[in-house]
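Participant: Have a look at this one before I ask anything.
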Amino acid sequence: MAFRVAADGMAEATAAGDRAVRADLQLCRGYAHELLGNVNEAARDYDLSVADAARSGDQTVWADALALRGEMAHYRGQFSRAIEDLQKAYALNVALKRDGKQHYTLNAIANLYADRRVAAYDRAIEYYRQLLAADEKAGAIRAMATGRFNIAATLQSKGDLNGALAEYRQALALERRRKDPDSIADVQIAMGILLGKLGRLDEALKMLDAALAQYSKNGDAESTAQARLARGSVLRKLGRPGEGLRELEAARARFEQTGSDRYLEKSHEERALALEALGDWRGAYAARGALLELRQKLAEQLREEHVSQLRVQFETEKTERENRALVRENALRARALEDAGRIRRLQAGVLVLSALVIGFLIYLVVRHLATARRMRDLALTDELTKLPNRRHLLTFADETLRASRANGTGFSMLALDIDHFKRVNDQYGHDAGDVVLRRVAETCRGALRQHDRIGRTGGEEFLVVLPETSAKVAAEVAERLRGAVERTDFSDLAPGLQITISLGVTEWSPTDDFTTLVKRADEYLYQAKESGRNRVVVAYA
């Protein structure tokens, strides 16, 4: 539906010669393609959006289009285009004083520089530290932990292993402050791999054991396999190749099942070394043969990706030529209509001329309003769940807060998160994860009252605003949402699959601003997840 609306809007914008509107709609459609995994279609729409936005002079749309195209180029290995687009987007956002977009774009630039294929590690670390300073000033612990982790990973790629270890330790301390066991395990496995490279094998094994215990506890099969791969390598280096081989075989079985070629390549390599240490030369030879075969397959995939990139470039240029031809055709038609109108004016007089002009203006106004409505819907709606997106929800929450201050009434907020959502994506695929997101969104919307508002704020995270609602009543609403999701049938995705949610509930008080309220709701959401998930934790004002 959204693709059809975008196509209709772009056709109208093309006919009207409104490049800014067409660029914005192309950008929305490209982002929707990217979310659905349609990489080639997304790249084509981003190219067209950048071209139209630049010609229209709309710098806001131009900056957004450049940022998204730059990230897409990084993903596709087109590094020169990526850095050019991202730097230009950053400069535009600075000029436009869009602080949040500056932060986002600078992080994307840092990620590009940190890529092993670019290897501009010092520049990446400089930008990560700049972002970290801003996050520390804002007290954003989650962002601080991510920043420290990124710096550590980049130092590790650079070869500064001791510096990387110090940053990982700070990231681990921040994650422990957040008390999120899964995030703690993610840092521990990275530290375990690094300690193994430093030869501190006993410490590495301790870290990997802790990460493996957490992943096994929460049923995260993919992360469990990654931990076993790292653990098998460390055990081999400790002179325990038999134990290491058992871990490596278990990891290999998982990677073969999920088609994780990147990790499968490493598991073949480590298995060969372990088998050699055990004196099993025939097994080692077979493992190295499997490694060589997989590397040839990966090389072929890289060649196919290059051909695909050339095909996308050709299709983009072809579409742009067709658009230019359509614009010229419209210009000729407009000129012909203008000539015909001039003849009619000479024949029919001023009265007929006035009627035509008025009618044409009405037609343009109606068409513009229709296009504006479509654009607003695309800008305020999350494409996957059809719920209000973060921008829409924050606007509604701000209006609710101002009304509460003016009228002396209260309101409450729920922070909601789908339990173990990463496990769903890892075990059943991202298509199944999308179905879970849509079904949870539909269930929660159906269980809310008419004046309540739920929106998706990112990933598997949602916020619910409950106007004129006390914490006690909000807790009842939250429990109704929790129960409704728990009873929802997901067996069509996998037999026995059950999805649950955790919720944090808080009530607004006159001393709160919106940021404080969201932060408090998030804190109680984390308490709900830490205490076992599938539950509601309430903060009373």
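The values are calculated or read from the model by the stated rules, or taken from the named source; none is laboratory data. Owing to the predicted nature of the structure, the values given are computational and were not obtained by experimental measurement. Reconstructed Cβ throughout: ideal geometry from the backbone, glycine too, with neighbour counts over all protein chains shown.
Participant: Does at least one position in the range 484-501 carry a residue that is in contact (Cβ under 8 Å) with a residue 40 or more places away in the chain and closer than 30 Å to GLY408 by Cβ? Don't jump to the end; show me each part of the working.
Facilitator: At the first step, the residues of the range 484-501 found to be in contact (Cβ under 8 Å) with a residue 40 or more places away in the chain are 484-486, 488, 490, 493-494, 497, 499-501.
Then drop every residue that is not closer than 30 Å to GLY408 by Cβ, which leaves none.
No: zero hits.
Participant: If you go through the range 113-126, how many residues are in a helix (DSSP H, G or I) and over 14 Å from ALA153 (Cβ atoms)? Outline the logic, then answer.
Facilitator: The first filter runs over the range 113-126 and keeps only residues in a helix (DSSP H, G or I), leaving 113-114, 121-126.
Now drop any that are not over 14 Å from ALA153 (Cβ atoms), which leaves 122-123, 126.
Residues flagged as in a helix (DSSP H, G or I) and over 14 Å from ALA153 (Cβ atoms) within the range 113-126 amount to 3.
Participant: Checking LEU503 against (1) modelled with pLDDT under 95; (2) not in a helix (DSSP H, G or I), only one condition comes out false. Which one?
Facilitator: Here LEU503 clears every test but (1).
Participant: Just to check your reading of the model, which residue among VAL518, VAL465 is in contact with a Phe, Trp or Tyr (Cβ under 8 Å, 6 or more places away or on another chain), surrounded by 14 or more Cβ atoms within 10 Å (Cβ to Cβ), closer than 24 Å to GLU383 by Cα and among the β-branched types (Val, Ile, Thr)?
Facilitator: Just one listed residue meets the conditions, VAL465.
Participant: Oh, and also: Working carefully through the options VAL465, VAL473, VAL436, find the one that is within 25 Å of the chain's Cα centre (by Cα), among the β-branched types (Val, Ile, Thr) and assigned to a helix (DSSP H, G or I).
Facilitator: Values: VAL465 fails: assigned to a helix (DSSP H, G or I); VAL473 fails: within 25 Å of the chain's Cα centre (by Cα).
VAL436 is the lone residue from the list that is within 25 Å of the chain's Cα centre (by Cα), among the β-branched types (Val, Ile, Thr) and assigned to a helix (DSSP H, G or I).
Participant: OK, next. Right, ALA73: surrounded by 19 or more Cβ atoms within 10 Å (Cβ to Cβ), in contact (Cβ under 8 Å) with a residue 40 or more places away in the chain and within 30 Å of ASP24 (Cβ to Cβ) or not? Before the answer, list the steps.
Facilitator: Numbers: surrounded by 19 or more Cβ atoms within 10 Å (Cβ to Cβ): yes; in contact (Cβ under 8 Å) with a residue 40 or more places away in the chain: no; within 30 Å of ASP24 (Cβ to Cβ): yes.
In short, no.
Participant: Name the single residue, out of those in the range 22-64 being surrounded by fewer than 20 Cβ atoms within 10 Å (Cβ to Cβ) and among the charged types (D, E, K, R), that is farthest from GLN78 (Cα to Cα).
Facilitator: Looking at residues that are surrounded by fewer than 20 Cβ atoms within 10 Å (Cβ to Cβ) and among the charged types (D, E, K, R), I get ASP58.
Participant: Shifting gears a bit: For LYS386, work out the one condition from (1) within 18 Å of the chain's Cα centre (by Cα); (2) modelled with pLDDT under 90; (3) within 30 Å of GLN226 (Cα to Cα); (4) surrounded by fewer than 19 Cβ atoms within 10 Å (Cβ to Cβ) it doesn't fulfil.
Facilitator: With respect to (1) within 18 Å of the chain's Cα centre (by Cα); (2) modelled with pLDDT under 90; (3) within 30 Å of GLN226 (Cα to Cα); (4) surrounded by fewer than 19 Cβ atoms within 10 Å (Cβ to Cβ), LYS386 is out only on (3).
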